[in-house]
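I have a structure here, written as structure tokens, and I will follow up with some questions on it.
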Amino acid sequence: MSLKGKTAVVTGSNSGIGLGVAWELAKAGADVVLNSFTDRDEDHALADEISKETGTTARYIKADMSKGVECRDLIEQAGACDILVNNAGIQFVAGIDEFPVEKWDAIIAINLNSAFHTTAAALPKMRAAGWGRVINIASAHGLTASPFKSAYVSAKHGVVGMTKVVALETAQEPITANAICPGYVLTPLVEAQIPDTMKEYDMSREDVIKKVMLERQPSKEFATVEQMGGTCVFLCSSAADQITGTTISIDGGWTAL
Ligand code: NAD
């Protein structure tokens, strides 16, 4: 299938899943807009590399997804926005009684509120274009919980709820809204959780990976960023025209337990 002529905006895409999704969408022919809150040469270089390798147009636009105005401005600056992938996300691990208020606020802003702002700004463009896809990168933690992740689990459950609302509001239009719920994917976000979890459980790095992270993932394998991107490409295909308002778990069986 070809996504030639479509423009995809992927929030939080200078690393990890977002970057993997941008690559797969570009390989399928879409022009992509990469984003994060930094404005470094290496951010723009990622877009240049995608353009060069895929023959599509890739751009990098700086916008801080913790700020509603910048979320909406990202969509404005993108021009077209046929495919919106809300991916930007951060994590912080602490018991709820010790959870720093500023971390709670940042997680809710970046992991949940940003998707509200970008979706609100993108839907009129999708309606004008007569086609659209909203794909929210939620999490297995949008469907289940773990201790010490109150803000993250709350935000991801919120994203799954908002996905359903957007799907209902667009149900009779050629627009779909779905959430992808990954289990553990070895990205910088997961790497960053390892030291805290080592402390929390007094375990070695290897034990945290095997006994804490992949303990919940029956396949005992990390999912990959390419699998996330491939699922986004599928959701953009006509085979997925009637798939809306739902979640797709890519979690090695985690939520089957
Ligand atoms: P990552 O840390 O590699 O990527 C996060 C991205 O978000 C980065 O590009 C970062 O620059 C960007 N970002 C952070 N704060 C931002 C801000 N204020 N404004 C704009 N961009 C910002 O992590 P990842 O694992 O690739 O996570 C991507 C998404 O996937 C997140 O929403 C995460 O919750 C979700 N997820 C990840 C896993 C996993 O195991 N890696 C599992 C389930 C869900």
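Test of understanding: among 79, 89, which residue is touching a strand residue (DSSP E or B) at 6+ places or on another chain (Cβ under 8 Å) and at positive phi?
79
Then there's this: Taking into account only those residues within the stretch 49-62 that are assigned to a loop (DSSP other than H, G, I, E, B) and out of contact with any Ser or Thr (no Cβ under 8 Å at 6 or more places or on another chain), which is nearest to the ligand (Cβ to nearest atom)?
Of everything passing the filter in the stretch 49-62, 56 is nearest to the ligand (Cβ to nearest atom).
Within the stretch 200-241, can you find the residues that are assigned to a loop (DSSP other than H, G, I, E, B) and surrounded by fewer than 16 Cβ atoms within 10 Å (Cβ to Cβ)?
Listed by number, the residues that qualify are 202, 204, 215, 218, 219, 220, 221, 237, 241.
Within the set of pairs 6+ apart or on separate chains, which have a first residue in the stretch 180-196 that is within 20 Å of residue 230 (Cα to Cα) and among the aliphatic types (A, V, I, L, M), a second that is in a strand (DSSP E or B) and near the ligand (Cβ under 6 Å from one of its atoms), and C-beta atoms under 6 Å apart?
What qualifies is 180/137.
Quick check, is residue 69 buried (at least 23 other Cβ atoms within 10 Å of the Cβ) and under 21 Å from residue 116 (Cβ atoms)?
In short, no.
Further question on the same structure: Does residue 244 qualify as being part of a helix (DSSP H, G or I), away from the ligand (no atom under 12 Å from the Cβ) and crowded, with 20+ Cβ neighbours inside 10 Å?
no
Among the numbered criteria (1) in contact with a Gly (Cβ under 9 Å, 6 or more places away or on another chain); (2) under 22 Å from residue 108 (Cβ atoms); (3) of a type in the set (S, T, N, Q), which one does residue 249 miss?
Condition (2) is where residue 249 drops out.
Which one is farthest from residue 169 (Cα to Cα), of the residues in the stretch 100-114 that are in contact with a helix residue (DSSP H, G or I) (Cβ under 6 Å, 6 or more places away or on another chain) and among the hydrophobic types (A, V, I, L, M, F, W, C)?
104
Here is a further query. List the pairs whose first member sits in the stretch 112-134 and is surrounded by 21 or more Cβ atoms within 10 Å (Cβ to Cβ), whose second member is small (Gly, Ala, Ser), and whose Cβ atoms are under 6 Å apart, counting only residues at least 6 apart or on separate chains?
As it stands, the answer is 112/155; 112/158; 114/88; 117/68; 126/132; 134/177, since those pairs meet every condition given.
Additional query: Could you list, in sequence order, the residues of the stretch 13-41 that are within 21 Å of residue 189 (Cβ to Cβ) and without any contact (Cβ under 8 Å) to a residue 24 or more places away in the chain?
Those that are within 21 Å of residue 189 (Cβ to Cβ) and without any contact (Cβ under 8 Å) to a residue 24 or more places away in the chain: 39, 40.
Can you find, within the stretch 175-196, the residue that is farthest from the ligand (Cβ to nearest atom) among those that are under 26 Å from residue 133 (Cα atoms) and touching a Lys or Arg at 6+ places or on another chain (Cβ under 9 Å)?
Once the filter is applied, the top-ranked residue is 175.
Quickly run through the stretch 6-36 and pick out the residues that are of a type in the set (S, T, N, Q) and within 15 Å of the ligand (Cβ to nearest atom).
Correct list: 11, 13, 14, 15, 35, 36.
Read-outs throughout are calculated quantities, based only on the coordinates presented, and are distinct from any laboratory measurement. The structure presented is a predicted model; accordingly, all values stated were derived computationally and were not measured. Glycine also receives a Cβ, built like all others from the backbone with ideal geometry; neighbour counts cover every protein chain displayed.
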